[in-house]
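Heads up: the structure comes next, in structure tokens.
The values are calculated or read from the model by the stated rules, or taken from the named source; none is laboratory data. No experiment lies behind these values; they were computed from the predicted model shown. The area values use the complete protein model at the heavy-atom level, side chains included, leaving out ligands, DNA and RNA. Shrake-Rupley method; radii C 1.70, N 1.55, O 1.52, S 1.80 Å.
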Amino acid sequence: HIPQLKTATEIVAPPSTYRGREVYGDEQVMQEGKQRMEQAEEAERQRIERLRAARQHTQEFLFQQMSERDLQKHQLGDEKTQAKTSEQEATLDYLEVERRRIA
């Protein structure tokens, strides 16, 4: 048994890939362009905020280092002052002992 050939009225064309004015119309193109611009602006804002946060973090780190260095410098200066004072006292004690011994 051989199937019969379909006639022109029975043949259905495949769905069209043409999207038409609703996709490619001026309004749609403008809306997509506006969305792309908004996305680009948001990405730029996020990039700037990231850079600002990184800069702030770096600045805080540097100030902390400077503060620690100043603290160490002051502590070292205090230690030197105490050592100098104790050396002066030891020298005075030695001189006093020598003066008593001689006299």
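Mind listing whichever residues of the range 7-46 are open to solvent by less than 100 Å² (accessible area, probe 1.4 Å) and modelled with pLDDT of 95 or more?
Filtering the range 7-46 for residues open to solvent by less than 100 Å² (accessible area, probe 1.4 Å) gives 7-8, 13, 16, 20, 23, 25, 28-29, 31-33, 35, 38, 40-44, 46.
Correct list: Gln35, Glu38, Ala40, Glu41, Glu42, Ala43, Glu44, Gln46.
Failed condition for Gln88, given (1) at pLDDT 95 or above; (2) open to solvent by 90 Å² or more (accessible area, probe 1.4 Å), with all others met?
(1)
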